[in-house]
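Student: Below: one structure in structure tokens.
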Amino acid sequence: MSTIEPVTPLLEPGCDVTVNDESLAAIQKAMAIYKRWLSADTLVLGQTLVNYGDVLARKGQPEEARTTYRRARKIIEATLPESNPDRFGPLMGLASVTLARGEVAEAILMFERVVDALEKSGAVATDVADARFNVDFASTGSVRYSVAPRAA
């Protein structure tokens, strides 16, 4: 399961808030269930927090998203080995929010850490390509399509 998304839709203005409100409600309900039935810092909660951070970012709440991604990162890094590519979803979200705040140099460093870690972990090519896309976008404001297109 991949939690990594390109940066461009993360804080896109004019996104469908109705869908995001429904997403927020569903995620909040899921987290309430996890808190009731599971131990506090389980992997499933960490992964759900990544999704929660994504929705908060899309709703234009970058500070709340940043806090949520940090919490998710702490949980996920404590529960997954360093070699697991699913560890890097929270860092990708943090980098996206950092870029949206205009902290380009810091965002590029974060995206590059994700690329390096994914390459070392043996992640699927699409996850690595998404991470490279974000480095490229953050560096130039556009994308140099250096990755070969997928075969149909």
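What follows is calculated from the coordinates using simple rules that are stated; it is not laboratory data. If you're wondering where the values come from, they're calculated on a predicted model, not measured in any experiment. So basically every Cβ, Gly included, is an ideal-geometry build from the backbone, and we count neighbours across all protein chains shown.
Student: Test of understanding: ordering VAL115, VAL104, VAL97 by Cβ neighbours within 10 Å, fewest first, what list do you get?
Tutor: Ranking VAL115, VAL104, VAL97 by Cβ neighbours within 10 Å, fewest first, gives VAL104, VAL115, VAL97.
Student: Could you give the nm distance between label points at ASP116 and THR67, where each point is 7 Å from its Cα heading toward the beta carbon?
Tutor: Each label point lies 7 Å from its Cα, and together they span 3.1 nm.
Student: Could I ask something else about it? Put a dot 7 Å past each Cα toward the Cβ at TYR34 and ARG101; how far apart are the dots in nm?
Tutor: The two pseudo-label positions are separated by 2.3 nm.
Student: Select from the range 28-121 those GluC sites (Glu not before Pro) which occupy a DSSP coil region and have at most 13 other Cβ atoms within 10 Å, ordered by residue number.
Tutor: GLU82
Student: Something else: Grab the beta carbon distance between VAL124 and VAL44, set R0 = 35 Å, and tell me the FRET efficiency rounded to 0.05.
Tutor: 0.95
Student: Then there is this: Which values of log₁₀ I(q)/I(0), to two decimal places, follow from the Debye formula for the range 17-140 at q = 0.17, 0.19, 0.22 Å⁻¹ with a uniform point scatterer at every Cα?
Tutor: Taking Cα atoms of the range 17-140 as identical point scatterers yields -0.88, -1.06, -1.27.
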